[in-house]
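The values are calculated or read from the model by the stated rules, or taken from the named source; none is laboratory data. Note that the structure is predicted; figures quoted are calculated from it, not measured. Cβ sites come from the backbone with ideal geometry, for glycine too, and all protein chains shown count toward neighbours.
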Amino acid sequence: MINRAQAIAFVQANGNARELARLVYLTEGKRPSPDVIAQFAASQRDDGGWAPFWADVSSVDATCYRLAQLEQLGLGVSEPVVAQALTFLRQRLQANGAWEEETAVADQAPPWAKPGNLAAMLYLTANCGFWLAVLGNEGALLMPTTQLLRQHLALDGALPSFLHTHWLAAALWLSLGEMEPATAVFNYLTAHLNKLSANNLTWLLTAVQATGRPVAHPFLTQARDKLVGLQMENGRWPSDDAMERDVHVTLEALRVFAST
């Protein structure tokens, strides 16, 4: 059992305005203030995307990151800032079902976003497809995307990409009712559970939750159990990055255990 009260107190003491708004939505179901929504709109570009930290271009990866934050505020496609972001992702969808960053930024892009790299392409494809499935309710549009990901899925459930690509692809498949490849991925991730940090586990479990589909798989139970044990004495869950990100991970953990 987690210490929910202590986790909430940690967020209240350390969160910024957006994070506190996420906490209020999570605990009280209240919509964020217009000021919080305006903060997202202010940095959104004319094409509906957002720029990453590494280049002054509209990035599919950065846009997925913002969509994740907006979704955790309870905002959906009826919100203009969300609708415009989803339109941007649709416009960047390639004919084969893939997403990549612009080739012009290949020299600047970090490994997970580098154009022309298979691992990066699979990650961005799974991430963009996931958000269009969850927030955009796109089914037919994403069929080439799910088929592309299936083409790279090994018999043991492995994808030639990062671990986080696996759970994003699984969540995409779940969203569209494709249980077989999702189950294969969960079987694969079971063997890698020892590698997953609190950061990884909250991302994975909240992605599965966002699909809205009940899933009974032993791996997900094991992942939740491991996450329980990673809560720190002061109520937080640690990030893999800077300590400032601990609030984000703690908020995601609170969401995972919201029904317990």
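Key figures
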| item | result |
| --- | --- |
| Residue within segment 45-62 that is surrounded by 15 or more Cβ atoms within 10 Å (Cβ to Cβ), under 27 Å from residue 147 (Cβ atoms) and of a type in the set (Ser, Thr, Tyr) present | yes |
| Selection count, segment 53-67, where residues are assigned to a loop (DSSP other than H, G, I, E, B) and at pLDDT 95 or above | 2 |
| Single match in 18, 31 (criterion: part of a helix (DSSP H, G or I) and either out of contact with any helix residue (DSSP H, G or I) (no Cβ under 8 Å at 6 or more places or on another chain) or closer than 20 Å to residue 71 by Cβ (or both)) | 18 |
| Condition check for residue 250: in contact with a Lys or Arg (Cβ under 6 Å, 6 or more places away or on another chain), surrounded by 13 or more Cβ atoms within 10 Å (Cβ to Cβ) and not charged (D, E, K, R) | yes |
| Filter pass, residue 260 being among the β-branched types (Val, Ile, Thr) and at pLDDT 95 or above | no |
| Residue that is surrounded by the most Cβ atoms within 10 Å (Cβ to Cβ) [pool: residues in segment 112-150 that are part of a loop (DSSP other than H, G, I, E, B) and polar (S, T, N, Q)] | 117 |
| Residue within segment 155-162 that is aromatic (Phe, Trp, Tyr) and part of a helix (DSSP H, G or I) present | no |
